[in-house]
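Encoded as structure tokens, the structure appears first; notes follow it.
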Amino acid sequence: MKKLILLPLLFTVGLASAQIAKDIIVGGQFDIIKTDNDKFLDKAQFGAEMNYFFTRHITGTAGFDFWTGDDASFILGGRWYPVEDAFIRARGLIGENDLSIGAGWTKPLNEKWKFEAIGDFYFEGEFAIRVGAVYVIRRD
């Protein structure tokens, strides 16, 4: 019986540190592997993006992805956080004329910084695994 009472209490305490509406996260990621890379370190892809929390679970995303070779795309999309430390995202890459769907996981490093790992599937047929860091701006 005590376990049944403690479980909801622990869940509630875990949500106390969750992001809230109007929070902003700003961060960057880079691909550690992508299926269209023929040689190791032949090209690189990295991104910078900002996410605005409309609710605790839904964000709007805007940013840029850059590739070696002077290619860049403007990013528009969003994230859905079914739980605090995991998300599903969809993004449109304006410039590359592609869409990506992915899922990610965050690991809080402290109150303001989080590590992210993301897997993305691109509709042109590629898959990438990205890592990066985000900074949380609290908008109380």
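The values are calculated or read from the model by the stated rules, or taken from the named source; none is laboratory data. Computed from a prediction, not measured in an experiment: that's the story for all the values here. Glycine also receives a Cβ, built like all others from the backbone with ideal geometry; neighbour counts cover every protein chain displayed.
Annotations
- Tabulated pairs, region 124-140, first more than 19 Å from T106 (Cα to Cα), second loosely packed, with under 14 Cβ neighbours inside 10 Å and of a type in the set (G, A, S), C-beta under 6 angstrom, 6+ apart or interchain: none
- Hits in region 63-114 (condition: basic (K, R) and assigned to a strand (DSSP E or B)): R79, R89, R91, K107, K114
- Among all positions in region 35-52, there is no residue which is β-branched (V, I, T), modelled with pLDDT of 95 or more and within 20 Å of E124 (Cβ to Cβ).
- For region 40-61, the set of residues classified as crowded, with 16+ Cβ neighbours inside 10 Å and either in contact with a Leu (Cβ under 8 Å, 6 or more places away or on another chain) or of a type in the set (D, E) (or both) consists of E49, T61, listed by residue number.
- Residue within region 56-65 that is at pLDDT 90 or above and of a type in the set (S, T, N, Q) present: yes
- Flag if A86 is under 17 Å from I33 (Cβ atoms) and modelled with pLDDT of 95 or more: no
- Qualifying residue in region 46-62 (condition: more than 29 Å from I20 (Cβ to Cβ), assigned to a strand (DSSP E or B) and either in contact (Cβ under 8 Å) with a residue 12 or more places away in the chain or touching a helix residue (DSSP H, G or I) at 6+ places or on another chain (Cβ under 6 Å) (or both)): no
- For the condition at pLDDT 95 or above, within 19 Å of N37 (Cβ to Cβ) and not basic (K, R), A117 qualifies.
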